[in-house]
Amino acid sequence: MLRSLYSGISGLRAHQTMLDTTGNNIANVNTAGFKSSSTQFQDTLSQMTQGATTPQAGTGGGNPAQVGLGVQVAGISTNFGQGSTQSTGKATDMMISGNGFFITQQGNTTSLTRAGAFDFDGLGQLTSPDGGIVQGWNVDAQGNPTGGLTGIKLDPNLPNLESYTLGSDGTLTGNFSDGTQQPIARIALGTVTNPAGLQKAGGSSYTVTANSGPMTAVTADQGGAGSIIGGALEMSNVDLSQEFTNLIVAQRGFQANARIITTSDEVLQELANLKR
């Protein structure tokens, strides 16, 4: 069977993956905290038709001759570039300016996310839309973390606690009816050595993998993490102009590889017609 037929099939598969990736990016153009992905191609094994020969006195050497056998997807990488800021004015909306992720806990599952559309539930727990509890530390009167990582929870029975403010380091400071202010908790940020190695887990969240490195909980503005901004969300970093260009490139690549298949089919038809 013609090698070009299988090369064309591999090209269809690879460009279909590119179309799928681009389509997902465009679908999430308005998803808070979403990070776009891109597809990388690489060639597959090449068949040797003639090996290289050693140059000798009076005889030149020969280069190898190889016929490629198609293309394959080398990987799908995530772009963790900063998304634009959308001001919401909602106190529980938060965004990270710089590196790092919010940490959420749901059951025994720990997740990382850049989507900071949080809210307090009926128990006073700061939660994500999918029910994950935002993690951080309890603090003393001076705002210093005490104990280990735990779910952020505001006691609604604190004497008439009226409101709170969020500092760039993630500290929640309560404003009380008697005019006093007191630190209540501090939101933690998670960092990993290789963010591109994180695995998407749905719900705009990620989980660590063997290649991302372990997650380290740090205070905002420290340990390589960015600062936290309250009353705002980080928008998707999808560039629509680039994605629509990628759509054209993927479509034309798909069409070209389909032409390879039809041309190979015509050649096979001619071979079949040799015996009538």
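The values are calculated or read from the model by the stated rules, or taken from the named source; none is laboratory data. Note that this is a predicted model, so its numbers are computed, not measured. All Cβ positions, even for glycine, are placed from backbone atoms using ideal geometry, and neighbour counts span all protein chains on display.
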Complete set of residues in region 47-90 that are touching a residue at least 40 places away in the same chain (Cβ under 8 Å) and assigned to a loop (DSSP other than H, G, I, E, B): Leu69, Gly70, Asn79, Phe80, Gly81, Gln82, Gly83, Ser84, Thr88, Gly89, Lys90
Any residue in region 159-174 that's closer than 13 Å to Gly143 by Cα and not assigned by TED's automatic domain parsing to the domain that holds Pro145: show its pairings with residues that are acidic (Asp, Glu) and surrounded by 13 or more Cβ atoms within 10 Å (Cβ to Cβ) at Cβ separation under 9 Å, as long as the two are six or more apart or on different chains. none
Looking at Ser38, is it of a type in the set (Gly, Ala, Ser), part of a strand (DSSP E or B) and in contact (Cβ under 8 Å) with a residue 40 or more places away in the chain? yes
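Table: residues versus (1) surrounded by fewer than 18 Cβ atoms within 10 Å (Cβ to Cβ); (2) under 17 Å from Val134 (Cα atoms); (3) under 15 Å from the mean Cα position of the chain (by Cα).
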| residue | (1), (2), (3) |
| --- | --- |
| Val67 | yes, no, no |
| Val71 | no, no, no |
| Ala74 | yes, no, no |
| Gly83 | no, no, yes |
| Lys90 | yes, yes, no |
| Thr104 | no, yes, no |
| Arg114 | no, yes, yes |
Before we move on, is Gln135 among the polar types (S, T, N, Q) and touching a Lys or Arg at 6+ places or on another chain (Cβ under 7 Å)? no
Counting only residues that are surrounded by 15 or more Cβ atoms within 10 Å (Cβ to Cβ), small (Gly, Ala, Ser) and within 22 Å of the chain's Cα centre (by Cα), region 116-140 contains a total of 4
Tell me which residues, restricted to region 184-211, are over 21 Å from Gly83 (Cα atoms) and touching a Pro at 6+ places or on another chain (Cβ under 8 Å). Arg186, Val208
